[in-house]
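Okay, so here's the structure we're looking at.
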Amino acid sequence: MPFLCNFTAETLARMLPRNKQPAEWFYYLEQILPDYEINTKLRVAAFMAQCAHESGEFTVLQENLNYSAEGLQKIFHKYFPDLASTIGYARQPQKIANRVYANRMSNGPETSGDGWRFRGRGIIQITGRDNYTRCSKDLYEDDTLITNPDKLCDKDGAIYSACWFWWGKNLNELADASDMLTITKRINGGTNGLEDRMKHYNHYLQIL
């Protein structure tokens, strides 16, 4: 199914000005997106805008958890309610992930290391053992992503996993309605970064 909009290697380079490998990304996007019916102007713009926000224009493919003590209290107040609780965790990404992602999303306790092992990866930040397991079964029909979580940092793995998430959440339908607010909530769980997502979206609509 071809693209029904002006989505080319040249337009992608304009969409991702911070990215130094637009041609390489387009090689995979061109092959994969149509398989998930992300091929119209509205769908491509919405998908790319959300992924560009989540990944810093496809330049950051794993979650940054290098928080200061103040950052931990602000972002993860539930787990770090005061300065004392941040001691031994501030600027320790692996320990932070193991704590904030412990005992949820099918992860084990903090000591299991699952939080770090299954931290957010890819251009849409697949997170948690349960998501890695389901994504792996659907995409590879085995436990590829459990044994090799970093597969989501490869360009093809990053795009396939984002499309898998997008399709599973029925986001094409919302994209057809230009409902970026609900799309953001389904991806983020809230409205974090909505202004930046909308900025990308409106820019991409003009380019496409």
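The values are calculated or read from the model by the stated rules, or taken from the named source; none is laboratory data. Since we're looking at a predicted model, the values are computed, not measured. Cβ placement follows ideal geometry from the backbone for every residue including glycine, while neighbour counts extend to all protein chains displayed. Heads up: the accessible areas ignore ligands, DNA and RNA and are worked out on the full protein's heavy atoms, side chains in. Shrake-Rupley method; radii C 1.70, N 1.55, O 1.52, S 1.80 Å.
Please tell me if residue 70 is open to solvent by 70 Å² or more (accessible area, probe 1.4 Å) and in a helix (DSSP H, G or I). Explain how you work it out, then say what you get.
Details: open to solvent by 70 Å² or more (accessible area, probe 1.4 Å): yes; in a helix (DSSP H, G or I): yes.
Answer is yes for this residue.
Does residue 163 satisfy the criteria of being surrounded by fewer than 21 Cβ atoms within 10 Å (Cβ to Cβ), farther than 17 Å from residue 41 by Cβ and in contact (Cβ under 8 Å) with a residue 60 or more places away in the chain?
Considered against the rule, which asks whether it is surrounded by fewer than 21 Cβ atoms within 10 Å (Cβ to Cβ), farther than 17 Å from residue 41 by Cβ and in contact (Cβ under 8 Å) with a residue 60 or more places away in the chain, residue 163 comes out as no.
Yes/no matrix, rows are residues, columns are (1) of a type outside the set (S, T, N, Q); (2) out of contact with any Asp or Glu (no Cβ under 9 Å at 6 or more places or on another chain); (3) modelled with pLDDT of 95 or more:
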| position | (1), (2), (3) |
| --- | --- |
| 134 | yes, yes, yes |
| 138 | yes, yes, yes |
| 153 | yes, yes, yes |
| 173 | yes, no, yes |
| 182 | no, yes, yes |
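Please state which one of 168, 190, 157 is out of contact with any strand residue (DSSP E or B) (no Cβ under 7 Å at 6 or more places or on another chain), over 13 Å from residue 46 (Cα atoms), at pLDDT 95 or above and open to solvent by less than 40 Å² (accessible area, probe 1.4 Å).
Details: 168 fails: open to solvent by less than 40 Å² (accessible area, probe 1.4 Å); 190 fails: at pLDDT 95 or above.
The conditions single out 157.
In region 36-59, how many are more than 18 Å from the chain's Cα centre (by Cα) and surrounded by 16 or more Cβ atoms within 10 Å (Cβ to Cβ)? Explain how you work it out, then say what you get.
The first filter runs over region 36-59 and keeps only residues more than 18 Å from the chain's Cα centre (by Cα), leaving 37, 39-42.
This time we only want the ones that are surrounded by 16 or more Cβ atoms within 10 Å (Cβ to Cβ), so: 39-42.
Final tally of qualifying residues: 4.
Can you run down the residue pairs with Cβ atoms below 7 Å, 6 or more apart or on separate chains, where the first is in region 94-112 and under 13 Å from residue 127 (Cβ atoms) and the partner is of a type in the set (A, V, I, L, M)?
Pairs that qualify, where the first residue is under 13 Å from residue 127 (Cβ atoms) and the partner is of a type in the set (A, V, I, L, M), are 97/65.
If I ask for residues that are touching a residue at least 60 places away in the same chain (Cβ under 8 Å), over 18 Å from the mean Cα position of the chain (by Cα) and open to solvent by less than 90 Å² (accessible area, probe 1.4 Å), which ones from region 7-20 would you list? Break it down stepwise before answering.
Applying the first criterion (touching a residue at least 60 places away in the same chain (Cβ under 8 Å)) to region 7-20 yields 7, 11, 14-15.
Applying the additional criterion that residues be over 18 Å from the mean Cα position of the chain (by Cα) yields 7, 11, 14.
Passing the criteria: 7, 11.
Which of the residues belonging to region 169-193 are in a helix (DSSP H, G or I) and farther than 24 Å from residue 57 by Cβ? Quick ask: steps written out before the conclusion?
Quick first cut of region 169-193, residues in a helix (DSSP H, G or I) only: 171-176, 180-188.
Of everything in region 169-193, those that are in a helix (DSSP H, G or I) and farther than 24 Å from residue 57 by Cβ turn out to be 173, 176.
Note down all Cβ pairs under 8 Å where the first residue falls in region 55-77 and is at positive phi, the second is surrounded by fewer than 17 Cβ atoms within 10 Å (Cβ to Cβ) and of a type in the set (Lys, Arg), and they're at least six residues apart or on different chains.
The qualifying pairs are 56/18; 57/18.
Matching residues to (1) touching a Leu at 6+ places or on another chain (Cβ under 8 Å); (2) part of a loop (DSSP other than H, G, I, E, B); (3) hydroxyl-bearing (Ser, Thr, Tyr):
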{"residue": "4", "(1), (2), (3)": "no, yes, no"}
{"residue": "33", "(1), (2), (3)": "no, no, no"}
{"residue": "44", "(1), (2), (3)": "yes, no, no"}
{"residue": "81", "(1), (2), (3)": "no, yes, no"}
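Counting only residues that are open to solvent by 20 Å² or more (accessible area, probe 1.4 Å) and assigned to a loop (DSSP other than H, G, I, E, B), how many does region 102-118 have? Before the answer, list the steps.
Taking region 102-118 first, the residues open to solvent by 20 Å² or more (accessible area, probe 1.4 Å) are 103-106, 109-112, 116-117.
Imposing the further condition that a residue be assigned to a loop (DSSP other than H, G, I, E, B) reduces the set to 103-106, 109.
Summing the residues that are open to solvent by 20 Å² or more (accessible area, probe 1.4 Å) and assigned to a loop (DSSP other than H, G, I, E, B) in region 102-118 gives 5.
It is to be established whether one or more residues within region 22-35 are within 22 Å of residue 128 (Cβ to Cβ) and surrounded by 16 or more Cβ atoms within 10 Å (Cβ to Cβ).
Keep residues of region 22-35 that are within 22 Å of residue 128 (Cβ to Cβ), which gives none.
The answer is no, given that none of the residues of region 22-35 is within 22 Å of residue 128 (Cβ to Cβ) and surrounded by 16 or more Cβ atoms within 10 Å (Cβ to Cβ).
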